[in-house]
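The values are calculated or read from the model by the stated rules, or taken from the named source; none is laboratory data. Just so it is clear, the structure is predicted and the values come from calculations on it, not from any experiment. Cβ atoms come from the backbone with ideal geometry, glycine included; neighbour counts cover every protein chain shown.
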Amino acid sequence: MKSPNTPLQALTTTNHDRDIAGLKYIYPVISRRAGGLSIGVNFNPNNACNWRCIYCQVPNLQRGAAPAMDLALLEDELRFFLNYVQQGDFFEQYQLAPDQRVIKDIAISGNGEPTSLENFEQALASIGKIADAAGIFPASHFVLITNGSLVHQASTQAGLMQLARYHGEVWFKLDSATEQGRKLINNSAQSQQKLLENLKTASRLCSTKLQTCVLHFDEQTWTQHEKQAYLQLLRLIQEQQIKIEKIMLYTIARPSFQPEAADLIKADLAEMNALATDIEAMGFDVGVSG
Ligand code: SF4
């Protein structure tokens, strides 16, 4: 495989173009949340997801599942890219600042829901094996960013076991603790019971963190009622002894590609910090990314 032939340009935290390296599945991102180079793996080159979050940044998002993956191509691309970063001049070519010249993680985070991939387990196993052979673990993390809605599937659970083999972690989406809130924000029909079951299963199989996007839309999101429901759900999670490693609060950082884009309002830091304080008081580890 040749060196990426796309025009070189500096990667920034706002440049998340998945085609930047000219590869089908692998793309580099400088992640504010991760604090360095994140090697993204896109399982959804068809821009398909089973949800439609109002803040989603996927262009031409469509409802659906990931297409069958070309595992040989995924493996080729990952080997090539890791070699390019570890032995080649990737960091110089892309003008990364010295403190960003580190692979923070391999993140399965694509243009849709990655666990909808049919050969999900095999894809996870391939990525884990190649990254492990390249010696990037445990210094770099192995992360699956998911909406968590398909954890009941056997293929998803088998993939989570592969992730756990390499001490990876699941970032499980929880944008609202109410069914109405999730309908509004995620356009998802996920019931409370299903949410809890999937969260319980994920955390049993693999280290699990919650990721919550705090934003305002139509005066219906993150109201006092929604905030109390969120804290109440966290109490229930504790009562059910569902192990959550961390709760990551963030807000919209880049424009949504959804019709609601113009009406979305970023949460301010003070609001997020106040929420974080309440969550911390319950004994959870919390991170805030404004
Ligand atoms: S779950 Fe992720 S990919 Fe799917 S619609 Fe929401 S933000 Fe977009």
Given (1) modelled with pLDDT of 95 or more; (2) more than 15 Å from the chain's Cα centre (by Cα), number of the condition Thr221 does not satisfy: (1)
Among the residues listed as Glu219, Glu271, the single one being without any contact (Cβ under 8 Å) to a residue 12 or more places away in the chain and of a type in the set (D, E, K, R): Glu219
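What residue, among those in the range 20-38 that are in a loop (DSSP other than H, G, I, E, B) and modelled with pLDDT under 90, is surrounded by the most Cβ atoms within 10 Å (Cβ to Cβ)?
Per the criteria, the residue is Ala21.
Being in contact with a helix residue (DSSP H, G or I) (Cβ under 7 Å, 6 or more places away or on another chain) and either over 23 Å from Gly168 (Cα atoms) or assigned to a helix (DSSP H, G or I) (or both) narrows it down to one of Lys243, Lys227, so name that one. If you could, list the steps in order and put the result at the bottom.
On the way: Lys243 fails: either over 23 Å from Gly168 (Cα atoms) or assigned to a helix (DSSP H, G or I) (or both).
Within the list Lys243, Lys227, the selection yields Lys227.
Could you check the range 193-224 and list, in sequence order, the residues that are outside any helix (DSSP H, G or I) and more than 24 Å from Asp278 (Cβ to Cβ)?
First pass over the range 193-224, keeping only residues outside any helix (DSSP H, G or I): 206-223.
Matches in the range 193-224: Cys206 only.
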Whichever residue in the range 142-192 is touching a Lys or Arg at 6+ places or on another chain (Cβ under 6 Å) and of a type in the set (S, T, N, Q) and, among such residues, is nearest to Lys129 (Cα to Cα): Asn147
Whichever residue in the range 141-155 is within 9 Å of the ligand (Cβ to nearest atom) and either touching a Cys at 6+ places or on another chain (Cβ under 9 Å) or hydroxyl-bearing (Ser, Thr, Tyr) (or both) and, among such residues, is farthest from Lys104 (Cα to Cα): Ser149
Subset of the range 232-247 that is under 14 Å from Cys206 (Cβ atoms) and of a type outside the set (A, V, I, L, M) - its residue that is surrounded by the fewest Cβ atoms within 10 Å (Cβ to Cβ): Lys243
Only listed residue being over 18 Å from Ile185 (Cβ atoms) and out of contact with any helix residue (DSSP H, G or I) (no Cβ under 8 Å at 6 or more places or on another chain), chosen from Gln238, Gln258: Gln238
In the range 248-268, the residues that are in a loop (DSSP other than H, G, I, E, B), in contact (Cβ under 8 Å) with a residue 60 or more places away in the chain and surrounded by 14 or more Cβ atoms within 10 Å (Cβ to Cβ): Ile252, Ala253, Ser256, Phe257, Gln258, Glu260, Leu264
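Residue-by-condition table, conditions (1) touching a Leu at 6+ places or on another chain (Cβ under 9 Å); (2) more than 16 Å from the ligand (Cβ to nearest atom); (3) under 30 Å from Ser176 (Cα atoms):
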| site | (1), (2), (3) |
| --- | --- |
| Asn50 | yes, no, yes |
| Val58 | no, no, yes |
| Gln62 | no, no, yes |
| Ala65 | yes, no, yes |
| Arg79 | no, yes, no |
| Tyr84 | no, yes, no |
| Phe91 | yes, yes, no |
